[in-house]
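Worksheet for the structure shown next.
The values are calculated or read from the model by the stated rules, or taken from the named source; none is laboratory data. These numbers come from a predicted model, not from an experiment. Every residue, glycine as well, gets a Cβ built from its backbone with ideal geometry; the counts of neighbours run over all protein chains shown. The area values use the complete protein model at the heavy-atom level, side chains included, leaving out ligands, DNA and RNA. Shrake-Rupley method; radii C 1.70, N 1.55, O 1.52, S 1.80 Å.
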Amino acid sequence: MPDDMRIAVGSDHAAEAAKDEMVEYLKSRGYDVVDVTVVVDGRADYPIAGHKVARMVHSGEFPRGLLMCGTGLGMSYVANRYKGVRGALCLDRDYARLAREHNDSNILIMPGRATIYAPHREILETWLDTPFSGVDRHARRVRQIEDPEAE
């Protein structure tokens, strides 16, 4: 299986049902999915799954990740603490397309409680299918994200 068909996934308890639907969708598309979510007594803390997935992407073990929590905000805070991780909280298909096209996002973050603008599956599908444009200005900006001294 090609590396780009591997994805690490995690959620908290508020997003578990939505995450499970996305795992099934990913598998239907042929992705090798590793779900790191651990639910204990009906609770799963978002930082635990967030750190696990972010470390897996940071280390290169997985090229991409999917994180979901109630609002998506908590997972954003956790994922973006890691160098080389560009977690994007996406609420619709335009956010997902631009996160990949312009910023080479490698972790998609979605709210589990509600998607105001688009269904989870549409957001995920757009994010998966959009390549990084690699256009000079976007590549330069991604370098600047990673290194504040880069020009």
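When you go through (1) under 22 Å from VAL36 (Cβ atoms); (2) part of a loop (DSSP other than H, G, I, E, B); (3) more than 12 Å from the chain's Cα centre (by Cα) one by one for PHE132, which number turns out not to apply?
Only one criterion in (1) under 22 Å from VAL36 (Cβ atoms); (2) part of a loop (DSSP other than H, G, I, E, B); (3) more than 12 Å from the chain's Cα centre (by Cα) is unmet by PHE132, namely (1).
Only one residue in MET56, MET75, MET22 is farther than 20 Å from GLU125 by Cα and modelled with pLDDT of 95 or more. Which one?
MET56
Condition check ((1) free of Cβ contacts under 8 Å to residues at least 12 places away in the same chain; (2) open to solvent by 20 Å² or more (accessible area, probe 1.4 Å)) across all residues:
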residue: ALA114; (1), (2): yes, yes
residue: ASP129; (1), (2): yes, yes
residue: GLY134; (1), (2): yes, yes
residue: HIS138; (1), (2): no, no
residue: ARG141; (1), (2): no, yes
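From TYR25, TYR82, grab the single residue that is in contact (Cβ under 8 Å) with a residue 24 or more places away in the chain, within 19 Å of ASN103 (Cβ to Cβ) and touching a helix residue (DSSP H, G or I) at 6+ places or on another chain (Cβ under 6 Å).
Just one listed residue meets the conditions, TYR82.
Can you pull out the residues in segment 92-104 that are in a loop (DSSP other than H, G, I, E, B) and buried (at least 17 other Cβ atoms within 10 Å of the Cβ)?
At the first step, the residues of segment 92-104 found to be in a loop (DSSP other than H, G, I, E, B) are 92, 104.
Matches in segment 92-104: ASP104 only.
Listed residues ILE145, ILE123, ILE107; which is surrounded by fewer than 17 Cβ atoms within 10 Å (Cβ to Cβ) and among the aliphatic types (A, V, I, L, M)?
None of the others qualify; the one that does is ILE145.
Among the candidates GLY42, GLY50, GLY112, which residue alone is modelled with pLDDT under 95 and in contact with a Cys (Cβ under 8 Å, 6 or more places away or on another chain)?
Criteria check complete, one pass: GLY112.
Give the residue, chosen from VAL57, VAL142, VAL53, VAL85, that is more than 25 Å from LYS27 (Cβ to Cβ) and β-branched (Val, Ile, Thr).
So the residue among VAL57, VAL142, VAL53, VAL85 that is more than 25 Å from LYS27 (Cβ to Cβ) and β-branched (Val, Ile, Thr) is VAL142.
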